[in-house]
Amino acid sequence: MALETEASGGTAPLDFTTFYNVIDGELVSTSETRHSVDPTTLQPNPESALSTPADVDKAIAAAKKALQSWSKVPSAERRGAVLRFSKAIQALKEDFAIMLSKEGGKPLIPSAQLRFAREEVDIAAGMLASLQFHELPDVVIEDSETRRVVTKYTPIGVTVGFVPWNSPLTLACLKLGPPLVTGNTVVLKPSPFTPYCGIKLVELAQRFFPPGVVQVLSGDDNLGLWFTSHPGVDAVSFTGSTATGKRVMESCSKTMARVTLELGGNDPAIICADVDIKSVVPQIVHRAFFHSGQICVAIKRLYVHASIYDEFLTELVKETRDVAMSNGDHPLTFIGPIQNSLQFERVKDLLADIAKNGYTVALGDPQTAAQKGSYYVRPVIVDNPPEKSRIVAEEQFGPVLPVLKWTDEEDVLRRANDTRQALGASVWTEEMDRAERMMGKLEAGMVWSNAHFELHPFASVGGHKESGLAVENESSVALRPPGKFDPSLFRSSSIRNTDLIPVPNEANPVLVRKMLSLHCHVAICNFASAAHLFESNPDDINRHLGEPVRSEQVHDGGASRNSFAESL
């Protein structure tokens, strides 16, 4: 089936009513189809392709063929194609936002239903646009009279990107961008729950990349295993649950395909006694409940110093009630449904455990929070439950937040580190010496001060312990030899209060904050509290990145993301 070319500028409309595989530059139908469900209405979404092993073979063969020429295209041309692709996504923002809302779910309040979907489109396109600055030249290790030693970065080959259901557009771009700019070919495998944006993203990509360079296959639970066991696959990037990630790694071990895993996280945030409560609380609400908590690096455990615990909890409850249960007048209303029935049942099970054990609830009712006839769950805040309770020990991936007291710094660090899902963590304090000290002791892939889940376009995204393996979001991930890649460290503003903007506005959706310090694999990201947001365009990035401060020793670590087990 013929596809639009870049001759139109790449902005001609896409048909968002039909969803085919894209193999070797062509739309390909399948004899059988499947569909997911709109989590807002529980009505069926459109039919999408149900791929077979033969489809996988064809896609991998096309990717292998395309690799021979794409890997030889100059880096500047590859980056230019990705930049034009990002602009085309922006041009079709409204179409992608509508589809994103239908497959991912909408907030309860009509006025907010498309606002956050539009922002995700902005973020996804901005992530791709930032890759125009990624360039990895040869590294001369020695150049003497007797010998010359050079490290050259060459493409891995055919990569497969597994995209989770909680962020089907942004994470699809994360799977596509770095491999493409570094000369690899990519086959995208979207989640069976949310295949639609990924399919249209790759259909759009055909206008900018040669046949076989970017492809997409959708399907059921069998598709992932066919990819991970295929001898023609050179690398797999998987975002999903820890349990499924282990199965991906086991399957890939048979062919020794390189594996990048971004898995679950039970992220703690530690609130110190010196914070400005009025300023910090809105930020915590956003970082715990945005997208109904269905974000890999959302705050999952909140530790508040005992001296301010009661006041902080009161403000937290008030702000959450205002944001999540308003009549739509609040600008930050962002509570939507749980995306699918399996995760909805898991959240309901955690709520039932709270009710069964009689834990004190500061907001909501665990017995009625899950709405009948939909996948909506009203926010629940649990007041100081036991440390070993399920609501503390397990990643919720829903709008349920345990709040716990602490008094001793070493003790709270021990409690925060008491998890195998160590994706992110944060410390909130006015005293930066304390922040640096506590950050250095937190065992997580990404650690922030006075911020949480704020990512930099040039910094790696990675986890620790069972939160994953290797890193994403930097060009070196898609190259061999892997080596070590030390990003520059950026100087932050001297303003250190906590007036961070809790939600990016529509004019500045791409969310970059300058960092005080940054490690690559175990990324310590100490953000300036002043929240200098800027758009991800060339002038702004060049102007705001700041001068390098120093190099840091890179620590070893994994990678992580998402939460709920989805099958291969």
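Just one of the numbered conditions (1) closer than 29 Å to residue 46 by Cα; (2) surrounded by 21 or more Cβ atoms within 10 Å (Cβ to Cβ); (3) of a type outside the set (Val, Ile, Thr); (4) at pLDDT 90 or above is not true of residue 183: (1). Select from region 125-173 the residues that are among the small types (Gly, Ala, Ser) and surrounded by 16 or more Cβ atoms within 10 Å (Cβ to Cβ) and list them in ascending order. Within region 125-173, 125, 126, 129, 130, 157, 161, 167, 172 qualify.
Does region 44-59 include one or more residues that are closer than 30 Å to residue 335 by Cα, small (Gly, Ala, Ser) and touching a Leu at 6+ places or on another chain (Cβ under 7 Å)?
From region 44-59, those closer than 30 Å to residue 335 by Cα are 44-48; that's our starting set.
So of that shortlist, the ones also small (Gly, Ala, Ser) come out as 48.
Then drop every residue that is not touching a Leu at 6+ places or on another chain (Cβ under 7 Å), which leaves none.
No - not one qualifying residue is present in region 44-59.
Residues to consider are 239, 194; find the one that is among the β-branched types (Val, Ile, Thr), in contact with a Lys or Arg (Cβ under 6 Å, 6 or more places away or on another chain) and buried (at least 24 other Cβ atoms within 10 Å of the Cβ). Before you say what the answer is, go through the steps one by one.
Details: 194 fails: in contact with a Lys or Arg (Cβ under 6 Å, 6 or more places away or on another chain).
239 is the lone residue from the list that is among the β-branched types (Val, Ile, Thr), in contact with a Lys or Arg (Cβ under 6 Å, 6 or more places away or on another chain) and buried (at least 24 other Cβ atoms within 10 Å of the Cβ).
Close Cβ contacts (under 7 Å, 6 or more residues apart or on different chains) running from residues in region 51-65 that are over 16 Å from residue 188 (Cβ atoms) and touching a residue at least 40 places away in the same chain (Cβ under 8 Å) to residues that are in a helix (DSSP H, G or I) and of a type outside the set (A, V, I, L, M) comprise 53/226. Take the conditions (1) of a type outside the set (Ser, Thr, Tyr); (2) more than 21 Å from the chain's Cα centre (by Cα); (3) modelled with pLDDT under 85; residue 141 misses just one of them, which is (3).
As for region 148-163, it holds at least one residue that is of a type in the set (Gly, Ala, Ser), more than 19 Å from the chain's Cα centre (by Cα) and closer than 22 Å to residue 85 by Cα.
Selection of first residues in region 358-377 that are acidic (Asp, Glu) and of second residues that are in a strand (DSSP E or B), restricted to Cβ pairs under 9 Å at least 6 apart or on distinct chains, gives the following pairs, ordered by first then second residue: 365/380. In the condition set (1) more than 21 Å from residue 203 (Cβ to Cβ); (2) without any contact (Cβ under 8 Å) to a residue 60 or more places away in the chain; (3) among the charged types (D, E, K, R), residue 79 is compliant with all but (2). Of all strands (runs of 3 or more DSSP E) completely enclosed by region 99-210, which ones contain at least 2 residues that are more than 21 Å from residue 50 (Cα to Cα) and out of contact with any helix residue (DSSP H, G or I) (no Cβ under 7 Å at 6 or more places or on another chain)? Per the criteria, 139-143, 148-151. For region 47-64, the set of residues classified as out of contact with any strand residue (DSSP E or B) (no Cβ under 7 Å at 6 or more places or on another chain) and either buried (at least 16 other Cβ atoms within 10 Å of the Cβ) or not assigned by TED's automatic domain parsing to the domain that holds residue 154 (or both) consists of 52, 56, listed by residue number.
Inside region 306-321, residues that are within 17 Å of residue 412 (Cβ to Cβ), surrounded by fewer than 20 Cβ atoms within 10 Å (Cβ to Cβ) and among the hydroxyl-bearing types (Ser, Thr, Tyr) make up a count of 1. On inspection, residue 388 does not qualify as in a strand (DSSP E or B), surrounded by fewer than 18 Cβ atoms within 10 Å (Cβ to Cβ), out of contact with any Pro (no Cβ under 6 Å at 6 or more places or on another chain) and of a type outside the set (Ser, Thr, Tyr). Just the residues that are within 26 Å of residue 165 (Cα to Cα) and among the aromatic types (Phe, Trp, Tyr), please, taken from region 342-378. If the condition is that a residue be within 26 Å of residue 165 (Cα to Cα) and among the aromatic types (Phe, Trp, Tyr), then 344, 375, 376 are the ones that fit. Against the conditions (1) more than 29 Å from residue 436 (Cβ to Cβ); (2) in contact with an Asp or Glu (Cβ under 8 Å, 6 or more places away or on another chain); (3) surrounded by fewer than 24 Cβ atoms within 10 Å (Cβ to Cβ), residue 255 satisfies every one except (2).
Residue 331 passes every criterion in (1) under 27 Å from residue 271 (Cβ atoms); (2) surrounded by 15 or more Cβ atoms within 10 Å (Cβ to Cβ); (3) modelled with pLDDT under 95 apart from (2).
Has region 413-422 got at least one residue that is surrounded by fewer than 21 Cβ atoms within 10 Å (Cβ to Cβ), assigned to a loop (DSSP other than H, G, I, E, B) and acidic (Asp, Glu)? I'd like the intermediate steps shown before the answer.
In the first step, residues of region 413-422 are kept if they are surrounded by fewer than 21 Cβ atoms within 10 Å (Cβ to Cβ); the result is 414-415, 417-418, 420.
Narrowing the set further to residues that are assigned to a loop (DSSP other than H, G, I, E, B) leaves 417-418, 420.
Checking the rest, the ones that are also acidic (Asp, Glu) come to 418.
Yes, the conditions are met somewhere in region 413-422.
On the given criteria, is residue 106 over 21 Å from residue 219 (Cα atoms), surrounded by fewer than 19 Cβ atoms within 10 Å (Cβ to Cβ) and over 18 Å from the mean Cα position of the chain (by Cα)? It is false that residue 106 is over 21 Å from residue 219 (Cα atoms), surrounded by fewer than 19 Cβ atoms within 10 Å (Cβ to Cβ) and over 18 Å from the mean Cα position of the chain (by Cα).
In region 300-314, of all residues being touching a Lys or Arg at 6+ places or on another chain (Cβ under 7 Å) and assigned to a helix (DSSP H, G or I), the one that is nearest to residue 383 (Cα to Cα) corresponds to 309. Taking the condition modelled with pLDDT of 95 or more and within 16 Å of the chain's Cα centre (by Cα), does residue 190 pass? Taking the combined requirement at face value, the residue satisfies it. Each residue in region 261-283 was checked for being more than 26 Å from residue 418 (Cβ to Cβ) and buried (at least 20 other Cβ atoms within 10 Å of the Cβ), and 1 pass.
Results for (1) of a type in the set (S, T, N, Q); (2) over 18 Å from residue 207 (Cβ atoms); (3) modelled with pLDDT of 95 or more; (4) more than 22 Å from the chain's Cα centre (by Cα), shown as yes or no for each residue.
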residue	(1), (2), (3), (4)
72	no, yes, yes, yes
83	no, no, yes, no
89	no, no, yes, no
92	no, no, yes, no
126	no, yes, no, no
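The values are calculated or read from the model by the stated rules, or taken from the named source; none is laboratory data. None of the values given here were measured: they were computed from a predicted structure. Heads up, the Cβs are rebuilt from the backbone with ideal geometry, glycines too, and the neighbour counts pull from every protein chain shown.
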